[in-house]
Each structure stands twice: as structure tokens, then as C-alpha cells.
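Bear in mind these aren't lab numbers, they're just calculated from the coordinates by the rules spelled out. This is a predicted model, so every value here is computed, not measured. Ideal geometry is used to build each Cβ from the backbone, glycine not excepted, and the neighbour counts take in all protein chains shown.
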Amino acid sequence: MQGQSQQQAYDRGITIFSPDGRLYQVEYAREAVKRGTASIGVRTSDGVVLVADKRIRSPLLVGTSVEKLHKADDHIGIASAGHVADARQLIDYARRHAQINRLRYDEPISVETLTKAVTDNIQQYTQVGGARPFGVALIIGGIDDGQPRLFETDPSGTPYEWKALAVGANRSDIEDHLKENYQEEMDLDGGIGLALNGLASVNEDGLRPEGLGVTTIDTESEQYRVLDESEVESYLSEHDLLADETETETDE
């Protein structure tokens, strides 16, 4: 009982470290990320792929209103997992920072610079009383001088660079699939297939195109591009990942 009361005391404020050096509110924010539907990022030789599971739970819901993939600049995209409202605040911050960089220096911001600016903002909310950490993790991918880059932001405000990663629900299982099948020389089509197969590995009933978001930023055009439902459906069919419509209708 005494240990429980001590923990409750230390998790009431974000600015208080526990005796063993933990910030409980940051750890709780990480748990919020785990409750969010998965997003996946893959870095390929031709660019970056971002895939998000939008998990549309009702046929009455308009799928395009579920925002998990965002354009931060022409050459940078962001995928999120966790609290969507928190993600929107950070993405608005990222967009403003990217535009300020263009106006001030007359050049596009680098993916690494933007990621560190976002994580600096996140970190401030781990040491200010009266505020809480952001309950979201972001995957920030884009092109820097013709080279694809892929980063993750953590609720603690720490940036990590990856070749391929997942955030959100079932992260460890999806990343096991990515580790086994990732190849650095794969092209964008291979990256899309890898990400979709990784998501399907934790979805036994298959995937539906309206419940997915897929974007790419290629090294040639350096432009953020959203795949439409027909394109996503063709990839799902190619990899035999398309959910059986009759089974889905019965479940609903």
C-alpha cells in the first residue's frame, strides 16, 4: 500500500521525478500511443512510404475524416499514432516551422531539422507544470538532398532515425515482420508491399482499402503523394491481403 501511495504522489505532476528517476506522466503518454491504431514508415532506395490503419468502425463514418497521414511540406509527410487531437497540434506546429524556414532561408527545411524542432516542442511539455505530455508518436518521413529520411518522435521529446518502423498498437509484432523482410535496396512498390504485409500480419481478417491511408514521397519528384482507394486496392489484391467483403458484411 505504501508503494502504491508513493507512486500516486509522483505521478500527479509532470515536473516531479520518482526516486528511481522516472516521469510517470511520460510513461502514461507512451501507453496512450499503444492504444492508437498502427502507423508504419518504410525507407526505400526510391523514397519513403507511410501507411496508416484508420480502422473505420462504422459504415456510417466518412473514411476521409479520419486523419492519420498529413503533408507537412511538399517533401515531408507525417503519420501518427495515439491521440489524434494531439497529433493535429504537433502537425500544425511542424507546418508553421516548415513555412518559416522557407521564408527565412528561401529553401525547404530538412527532415531532421523539422523532426528536432517538433521534439524540442514536445520536450517542453515534460518539464512545465500545469501541462501534460503529448499522447502521440509521429513518424516523419521525407527527402533531404535526394536522400530518403525517416524519423520517429517519442512523447519524451526524443527523436530516432529508422530504416523501417511501426508506432501504435501491435508495434512489436509489426516490427518483427519488418525486421525479417526489410531490404535496403527495395523500391517504393516493395516498400508499400512490406508495410501492407506488416499491417496484415496483425489483422487476421485482411485489409480494406477504405480503412487504410497510404502516401509516398519519392526521390525523383520529392513530392508528397496520396494513393487513392483504387490504387490501394490493387496493392492489396496483388499481395493477396484484401478482406473478404462477404465476411466483412456478415460481421457488421
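Things to note:
- Cα extents of segment 73-196 along the three principal axes, largest first (Å): 43, 36, 20
- CD proxy at 222 nm, helix term only [per DSSP H run n ≥ 4: -39500 (n - 2.57); per residue of the chain; nearest 500]: -12000 deg cm²/dmol
- Among 185-198, 122-135, the order from most to least packed when residues are scored by Cβ within 10 Å on average: 185-198, 122-135
- Per residue convex hull volume, Cα atoms of segment 143-252, in Å³: 129 Å³
- When you count the other C-beta atoms within 10 angstrom of each residue and take the mean per peptide, 58-70, 76-88, 232-244, 141-153 line up highest first as 76-88, 141-153, 232-244, 58-70.
- Note on the chain: Kirkwood radius taken over Cα pairs, Stokes-Einstein applied at 4 °C and 1.567 mPa s, translational D equal to 68 µm² s⁻¹.
- Seen from residue 72, the other residues with C-beta closer than 15 Å to its C-beta sum to a net charge of +1, counting Lys and Arg as +1 and Asp and Glu as -1.
- Burial order of peptide ranges 101-107, 208-214 (average beta-carbon count within 10 Å, highest first): 208-214, 101-107
- The distance from the alpha carbon centre of segment 106-165 to that of segment 15-93 is 11 Å, rounded to a whole number.
- Where only C-alpha atoms are counted, convex hull volume of segment 1-118 per residue in Å³: 171 Å³
- Net charge of the neighbourhood of residue 182, taken over other residues with C-beta under 12 Å away and scored Lys/Arg +1, Asp/Glu -1, is -2.
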